[in-house]
Structure formats: structure tokens, C-alpha cells
Amino acid sequence: MQNSISNLSDSLLKHVKTSDKVCPIHETPLSVFKELAPFCQQCKKEQIENKNNEMVKVAEERHAKRTTVEVLKKDSVLYDDTISNACFRNYSCVEDSKEYSVKQEIEALGKKYLEGEKFNAIFNGEPGAGKSHLAMSLLKVLNEYSNEPVSCLFISFEEVLSLIRESYNNPETKYSELNMIDLMGRVDYLVLDDVGSETGRLARTDGRTVYATDFTVKVLKRTLERRQNKSTIVTTNLTKTQLATIYDARIASRIYRNVAGNIVKFHGISDKRVKSL
């Protein structure tokens, strides 16, 4: 095969003639090949190299985009698809209301993140108050306005646990335990949404405490361990004491690491998902 290629090259070169014209750039004689216009071999070589370099650059840019700004849209796991449309502009609130206050608090958190600060944040309050909406809104701002491209990810915790369990019977899915923990662990900004909801009510009707399963604790623990120097936003209906009860104190401690001043309380806000008749 190598000899055949070499023989073909030698055969083609026999048809290349030297022109009496000179390349104005390289000051070398132009070449003539069959009916083609006279050309500079060095110019052609540089054109091919430039084209190859441009293709490599485009591929690198596509990869960089896929691993940063596109992560939020392509890899997030949502329990409620309407959250994908959430932004600060369409969060329903009026000036001087509690809703307006929490929105301002979260916009202030976004400013600190954009200035390079790293910290965890907690959005705490009753269901339907808008925690998920504003958490997604925050990620979109970070995605769009960070000085350098960053990766942001929104994860419905209950939903991702379900997908991971299903992956045990489907080895082809991207939602394997290893893949999801790696993804959640490596992104720059992670929202873990509705942590604690997967256990149901904390206190059952018989008064006994509900605890997270070993599987749930393992996924949450391994994820948080990989995020020691990154920013994690947790939305939850539970207090720190309740989180420490259903998981364990070490997990609660990791969630609340460096969180002072970054807890937004959604108390006193009516359920926005319930429409008045």
C-alpha cells in the first residue's frame, strides 16, 4: 500500500511544471498542473494548514461550549419542565413584597458569584414559594454573565435518584450513578433542588422519624465531597436540624459549609403553583 501511494505521488509530480511567474509572497516560481492556474506550492501548503488549524479551533470551541454554557440546558434534570423557562424577569412579584425581597437577595448572591466568590447557599421555605424558579434564574445569570465560561447544572434531587435507580437495569443510559455523581461533582455551580423531598414527610402519622435510605445518603455524600471548593445551591423545605436527622450531621455540615449570610428564607410566601379560582 505504501509503495502504491508513493508511485502515485511520483506520477502526479511528473505533471507539475515550473512557470516563469513568481509568487509575490514567497518569491518562488509558480507551479503549473494540467489545466489549473499557476499556483505557489508554499501558499497552497499554508492554506491547507490554516484550514486544518481553523477546523481544530472550531472543534475545540464546540467542546468548550458543550462542557460549559451548554451543560445547563442539555444535562439538567428537571422534575417540572416549566422550570426551564424560569428567569428573574418572569418571577411574579410586586415591589415591597416578600417575593420581591427574596428575588433581590438572590440577585445579590449572583453578583457575589460573578465577582469570584465561592460559597454555598440555601433557599429554604415552603413548597411553591418559588425556590426552584429563582435557583434556575440564578444559574442562567451566571451562565450568561460570568467573565469566563462556566458550567451550571440544575438537578431535581428526587428525580435524579429515580434515574440512577433505573440505570441499574439499563447500562446504556447516561444516568448511571458514576456518570451523574461525576457530572454533579465537577460543574462550577450546582443547584440541588428540593433536597429532602424524596423521603416524604419528616414526621409520619405514627410519630416515627423517616430517614433517608443508604443509597440516597451515598449519592448525596459523594456529590458533596467532590464539591468542597465549589459553589452549591440547595433548595429545601427542611431546617438544618431536620436535614441532619434524615441524612446525618456530616452531610448537613457539608451543605451548610461557608453558608453564613447566604441563606434565603422563603417564609410567608403563598404557593405560586396554586391558582386562585
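The values are calculated or read from the model by the stated rules, or taken from the named source; none is laboratory data. Keep in mind that this is a model prediction, so the values were computed, not measured. Don't worry about glycine lacking a Cβ; one is built from the backbone with ideal geometry, like all the others, and counts go over all protein chains shown. Keep in mind that these areas ignore ligands, DNA and RNA; they rest on the heavy atoms of the full protein, side chains included. Shrake-Rupley method; radii C 1.70, N 1.55, O 1.52, S 1.80 Å.
Is there any pair with a first residue in the range 230-246 that is closer than 14 Å to F157 by Cα and a second that is of a type in the set (K, R) and assigned to a helix (DSSP H, G or I) whose Cβ atoms are under 9 Å apart and which are 6 or more apart or on different chains, and what are they?
Cβ pairs passing all conditions: T232/R254; T235/K131; T236/K131; N237/K131.
Which of the following residues is open to solvent by 20 Å² or more (accessible area, probe 1.4 Å), in a helix (DSSP H, G or I), of a type in the set (D, E, K, R) and within 29 Å of D214 (Cα to Cα): E107, E158?
Every option except E158 fails the conditions.
Which members of the range 1-47 meet the condition of being among the hydroxyl-bearing types (S, T, Y) and modelled with pLDDT under 70?
S4, S6, S9, S11
Quickly run through the range 66-104 and pick out the residues that are over 25 Å from K265 (Cβ atoms), part of a loop (DSSP other than H, G, I, E, B) and open to solvent by 30 Å² or more (accessible area, probe 1.4 Å).
Listed by number, the residues that qualify are T67, V69, E70.
For (1) of a type outside the set (S, T, N, Q); (2) touching a helix residue (DSSP H, G or I) at 6+ places or on another chain (Cβ under 6 Å); (3) modelled with pLDDT of 90 or more, each residue gets a yes or a no:
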site: N52; (1), (2), (3): no, no, no
site: A64; (1), (2), (3): yes, no, no
site: T67; (1), (2), (3): no, no, no
site: E70; (1), (2), (3): yes, no, yes
site: V77; (1), (2), (3): yes, yes, yes
site: D80; (1), (2), (3): yes, no, no
site: N85; (1), (2), (3): no, no, yes
site: L134; (1), (2), (3): yes, yes, yes
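Among the residues of the range 87-99, is any more than 16 Å from V195 (Cβ to Cβ), without any contact (Cβ under 8 Å) to a residue 60 or more places away in the chain and under 19 Å from the mean Cα position of the chain (by Cα)?
Checked the range 87-99: at least one residue is more than 16 Å from V195 (Cβ to Cβ), without any contact (Cβ under 8 Å) to a residue 60 or more places away in the chain and under 19 Å from the mean Cα position of the chain (by Cα).
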